[in-house]
Amino acid sequence: MKFGVIVFPGSNCDRDVAYVTRDILEQPTRMVWHQDTDISDIDVVILPGGFSYGDYLRCGAIARFSPVMSSVIEHARQGKFVLGICNGFQVLTESGLLPGALIRNRDLHFICDRVPLKVERYSFPWTQNYQNGEQIVLPVAHGEGKFYADEKTLNELEENNQIVFRYEGDNPNGSLRDIAGICNKDGNVLGMMPHPERASDAMLGNTDGLKLFEGLLESVLVGV
């Protein structure tokens, strides 16, 4: 199984993700520059956190037009896996691969913390290694992480079981319905504001995020 980590100008979590996939999971991993368009060798595309293009205009709005994104969109349409973390989640909503938008945090402050999450959807590849309703703790670091969508879209997300993670307890950024992560209807595209790659190494004292990567890896290898 081969991972591809997209590198935009301003990405700063790309090496963190690659450390998990390449060094911890021991899977082939390729860093994909934003101007590359051939990702045919990739099984799972990851859009990492950071500040793509300096977050000028709007978070993820410029990255959406990178040459590589046409290939990422086609990759997703073929049913292959795509994960967007933090800024990557913002890019996925800007590109239309996921509904809604990520806007300024409720208190207009940048948040850097560890927050409790509830696993809302566990019966699909991304979260199969979690228990139903399990509470986990993942780091967050964002200024525009408030998930927003109109009432119709929110209801559709609920009805289609597309809400994967919710914030537990105090909602750190004001996301509607406490949404921390969602997937598309087919379940192959996942976007989340918390950083699972920052909770994947036992040396850091928390491996709650590693289960996400392991679950996907197991699912893909079983299907091979």
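The values are calculated or read from the model by the stated rules, or taken from the named source; none is laboratory data. Everything numeric here is computed off the predicted structure, so don't read it as measured data. Glycine gets a Cβ as well: all are built from the backbone with ideal geometry, and neighbour counts include every protein chain shown.
Just one residue in the set Leu176, Leu190 is within 15 Å of the chain's Cα centre (by Cα), closer than 16 Å to Phe89 by Cα and modelled with pLDDT of 95 or more; that residue is Leu190.
Please verify whether Pro99 is closer than 16 Å to Tyr148 by Cβ and in contact with a helix residue (DSSP H, G or I) (Cβ under 8 Å, 6 or more places away or on another chain), treating the condition exactly as stated. The answer is yes for Pro99.
Look through segment 138-163, keep the residues that are in contact with a Leu (Cβ under 7 Å, 6 or more places away or on another chain) and part of a strand (DSSP E or B), and return whichever of them is nearest to Val220 (Cα to Cα). Taking the candidates together, the pick is Ile163. Screening the candidates Leu97, Leu108, Leu57, Leu138 for the property of being at pLDDT 95 or above and out of contact with any Pro (no Cβ under 7 Å at 6 or more places or on another chain) yields one hit, Leu97. What do you reckon, is Leu216 of a type in the set (A, V, I, L, M, F, W, C), within 25 Å of Ser95 (Cβ to Cβ), surrounded by 22 or more Cβ atoms within 10 Å (Cβ to Cβ) and modelled with pLDDT under 95? It is true that Leu216 is of a type in the set (A, V, I, L, M, F, W, C), within 25 Å of Ser95 (Cβ to Cβ), surrounded by 22 or more Cβ atoms within 10 Å (Cβ to Cβ) and modelled with pLDDT under 95. Of note, Val20 satisfies the criterion of being under 23 Å from Ala199 (Cβ atoms) and modelled with pLDDT of 95 or more.
Taken over segment 109-137, the residue count meeting the criterion of being of a type outside the set (Lys, Arg), touching a residue at least 12 places away in the same chain (Cβ under 8 Å) and in a loop (DSSP other than H, G, I, E, B) is 12. Every residue in segment 16-31 that is closer than 23 Å to Glu94 by Cα and either among the small types (Gly, Ala, Ser) or surrounded by fewer than 22 Cβ atoms within 10 Å (Cβ to Cβ) (or both), please. Selection gives Met31 alone.
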